[in-house]
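Read-outs throughout are calculated quantities, based only on the coordinates presented, and are distinct from any laboratory measurement. Computed from a predicted structure; not experimentally measured. Cβ: placed from backbone, ideal geometry, glycine included. Neighbour counts: every protein chain shown.
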Amino acid sequence: MNVDGKQMRPIWFDAESKTPWVIDQRKLPHRLIKANLDSVDAVIEAIQEMFVRGAPLIGATGAFGVYVALFKSNGKGMNNDHIIHECQRIKDARPTAVNLAWGVDRVLQTILPHETHGTRITAALEESLAIVEEEAENCKRIGLHGLSLIEEISRTKKNGPVNILTHCNAGWLATVEYGTATAPMYTAFDKGIDIHVWVDETRPLNQGARLTAWELGKHGIAHTVITDNAGGHIMQHGMVDLVIVGTDRTTRTGDVANKIGTYLKALAAKDNNIPFYVALPSSTFDWTLRDGINDIPIETRDPHEITHIQGLDKNGELTSVMVPPASSPAANHAFDVTPARLVSGFITERGRCDASEASILSLFPERT
Ligand code: MRU
């Protein structure tokens, strides 16, 4: 996407160093810093410490991780046990986004039949690059399929913009291009439709306030940052026409894991008769699961993220201030599950569907 006249992606392959690079998102929006993923440990650290985050981007990073494992294998590139072990370490970096295992396994399965280390490295790189391009294309299509939804609402509105609420960051920083939840917004805005986005700040790491607000601002889209608890109030007062969020893992029955707080937005949307849509590429469906609440693993992160609000100091380095009493325990559940019954529909690269197994499978019949 365009950042101050420069085309940027959150991940790219650098031909000179022959390694992937990423934007270190921890320092956005105040500093745009790049990080080199030149070892498997660097890949794992980038995922765990959230230099990169967002399900499709974690998947692409994991895919490149297999390439890095081969490229930096110290003579062990044909040792399948070693490579499979490295892949498992990458897959274990974060538990909730299914895209991570999907990306790693896709590249692993591609390289295993190759009989030389050199062809394995080439195949891993080609497959990782293919994943990156496919995810970009998928998000573009999500934008086109979501556009009609916003157009329909726009046609029925007498005046004012279409007000869309979103949670966390499901933008291009979380994918490769366009984003998932944001793709319909970018597409609608680029077509001249008047939209305004309510951006949940998304405590504790503020992906909404820091990243979604930055992205939308760079694209010129009108937006307002709100506290996570404001959604119900503004929905009750007719200030929200549509909710669109992303997801880290969605079951074949339509249960949706996404950033903590998404479930409460879905409940408030249901109570106020506001459409609640989830945008996702097919790589985010977990076709093996039916019961999201009981079977999707929910990441718990360091309570320090709750007790200490992060920001940058005057030198542009990460710093934090403590809020609760030092003796108070905190619990950091990073995701929650919104049951399918609260979801109005999905926006995928193949079109829109209802949040039911039959409707999802009508778009993805090969998963029947
Ligand atoms: O903890 P994060 O920042 O990785 O969580 C990200 C989200 O919850 C996104 O909404 C989700 O991954 C969809 S990204 C297109």
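Can you compute the FRET efficiency between D291 and N315 using 1/(1 + (r/R0)^6), with r the Cβ-Cβ distance and R0 = 41 Å? Round to the nearest 0.05. Calculated value: 0.30.
Provide, for q = 0.10, 0.14 Å⁻¹, the log10 of I(q)/I(0) from a solvent-free Debye sum over equal Cα point scatterers in segment 221-342. So the normalised log intensities work out to -0.42, -0.77. Between the DSSP loop rule and a limit of at most 11 other Cβ atoms within 10 Å, which trypsin sites (Lys or Arg not before Pro) in segment 101-162 are left? Listed in order of number, the matching sites are K158. The GluC sites (Glu not before Pro) of segment 287-328 that DSSP puts in a loop, and whose beta carbon has at most 11 other beta carbons within 10 Å, are E317. Projecting the Cα atoms of N229, W172, V104 onto the dipole axis of the chain, where Lys and Arg carry +1 and Asp and Glu carry -1 at the beta carbon, places N229 farthest toward the positive end. When shorter helices are ignored and each DSSP H run of at least 4 residues is given -39500 (n - 2.57), the per-residue value for the chain at 222 nm works out to -11500 deg cm²/dmol.
Stokes-Einstein at 20 °C, 1.002 mPa s, Kirkwood radius from Cα pairs: D for segment 199-287 in µm² s⁻¹? So the translational diffusion coefficient is about 154 µm²/s. Against the chain, whose longest principal axis is taken from its Cα atoms, helix 55-71 shows a tilt of about 10°.
Largest GNM mean-square fluctuation among E49, E115, E135, using the chain with Cα springs under 10 Å: E115. So what's the chain giving for Rg/Rh, alpha carbon basis, Kirkwood Rh from the mean inverse pair distance? Over the Cα atoms of the chain, Rg/Rh equals 0.97. Between G217, G316, G171, the residue with the greatest mean-square fluctuation in the GNM of the chain (Cα pairs under 10 Å linked by springs) is G316.
Note on segment 129-172: percent of Cα-Cα distances in each 5 Å bin, starting at 0 and stopping at the bin with the largest distance, equals 5, 17, 19, 21, 17, 11, 6, 3, 1, 0.
When the P(r) of segment 324-366 is calculated, the portion above 17 Å amounts to 52% of the C-alpha pairs.
Sorted fewest first by neighbouring Cβ atoms within 10 angstrom, L57, L318 come out as L318, L57. A cut-off of 5 Å between modelled amide H atoms, ignoring neighbours fewer than 5 places along the same chain, links H223 with V197.
Summarised as an ellipsoid, segment 119-194 has semi-axes of 33, 11, 7 Å, derived from the eigenvalues of the Cα gyration tensor scaled by 5 and square-rooted, with the largest first. Counting neighbouring Cβ atoms within 10 Å and putting the fewest first, the residues V40, V245 line up as V40, V245.
Please build a GNM for the chain, connecting alpha carbons under 10 Å apart, and tell me which residue among T284, T19, T247 fluctuates the most. Looking only at T284, T19, T247, the largest GNM fluctuation is found for T19. Its Cα gyration tensor gives segment 156-200 an equivalent ellipsoid, and the semi-axes of that ellipsoid, as √(5λ) in whole Å with the largest first, are 21, 13, 6. Using the Stokes-Einstein relation with a Kirkwood hydrodynamic radius computed over Cα pairs, the translational diffusion coefficient of segment 8-162 at 4 °C and a viscosity of 1.567 mPa s comes to 78 µm²/s.
Karplus-derived 3J(HN,Hα) values for segment 289-296, using 6.51 cos²θ - 1.76 cosθ + 1.60 with θ = phi - 60°, are 10, 10, 10, x, 5, 8, 10, 7 Hz; glycine and proline are entered as x.
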